[in-house]
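The block underneath contains the structure these notes are about, expressed in structure tokens.
Values in this text are rule-based calculations from the coordinates and carry no lab data. Because the structure is predicted, anything quoted here is derived from the model rather than measured. Every residue, glycine as well, gets a Cβ built from its backbone with ideal geometry; the counts of neighbours run over all protein chains shown.
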């Protein structure tokens with residue numbers, strides 16, 4: 001996703017990655033729901049609530065071992 005600014009005159013301006021320059025692209029427009037910093041604040045709040053749950057914790061090695069066992073089954 002690329003964020004862009006729209007002037008009061010309706011001119012859209014954005015900086016795109018090099019691979020798109022000089023090419024025709026399609027643009028889909030939707031209203032920005034929240035500033036990024038607010039989205040991160042909301043995500044942090046949700047993760048903090050998840051930490052309060054008493055869920056069993058597993059290491060990445062335990063997760064990989066379980067995935068391998070499921071794949072081999």
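Tell me the label only: which of (i) 57, 33, 17; (ii) 54, 16, 16; (iii) 60, 27, 27 is Cα extents along the principal axes in Å as calculated from this structure?
(i)
Suppose the chain between residue 49 and residue 7 were pulled fully straight at 0.36 nm per residue; how much longer would it get relative to their current alpha carbon spacing? Write out the running numbers ahead of the final one.
Working: separation 42, 0.36 × 42 = 15.12 nm, distance 3.92 nm.
Result for the pair: 11.2 nm of gain on full extension.
Extension gain residue 31-residue 66, at 0.36 nm per residue separation less the Cα-Cα distance, in nm? All intermediate terms of the calculation are to be shown ahead of the outcome.
Numbers: separation 35, 0.36 × 35 = 12.60 nm, distance 4.17 nm.
Extra length available between residue 31 and residue 66 comes to 8.4 nm.
Nearest 0.05, what FRET efficiency do residue 20 and residue 42 give at R0 = 30 Å with Cβ-Cβ as r? Kindly include the intermediate steps, with their values, before the conclusion.
Details: r = 30 Å, r/R0 = 1.01.
The computed FRET efficiency comes out at 0.50.
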